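Participant: Questions regarding the structure given below will be posed in turn.
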Amino acid sequence: MEKYEVNVLTRKGGWKKLTQDTVKSTDHTSSSEIIDKKNSNKTDNLKISINSEDEAISYNEIDDNRSRFSHINEIINELQEIESKKKILLEKLETIEISFNSKKQEVSSQLEQVKKEFDLYQKTINLIKSIKNL
């Protein structure tokens, strides 16, 4: 295995180089303690623990996320279709409502005519009864 160096960004904005020797210590001190010992004369006390395992996102996780996003996209598209169907149905209901209102007005005018005719017949009957009683 080749020796490697890692550049680490410090809190003050500078870069520090960490070598493989710094990370792999033969005694049981942690890498942050080694870094502190090396840089004890500096004012920047950066504590870093370096793992040898790769913590990058795997391609499977990326594919899972893409499939989740595509699934969410499909749901959004379905909701938009439902919303457009809803608008169409509401427009149809509005035309039916207009039709019923016009029919209601027509029936209402007919009802008033029938009431007037009923009143006229009632008055006529009352008149006939009053004449008979004379």
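Participant: Collect residues whose amide H, placed 1.01 Å from N in the peptide plane, falls under 5 Å from the amide H of Thr10; neighbours closer than 5 in sequence don't count.
Facilitator: Trp15, Lys16
Participant: Based on the Cβ-Cβ distance from Tyr121 to Ser99, what FRET efficiency comes out when R0 is 41 Å, to the nearest 0.05?
Facilitator: Efficiency at R0 = 41 Å is approximately 0.80.
Here, each number is a calculation from the coordinates, and none is a lab measurement. On a predicted model such as this, the values are computed, not experimentally measured, just so you know. Quick reminder, even Gly has a Cβ in these numbers, built from the backbone with ideal geometry, and neighbours come from all protein chains shown.
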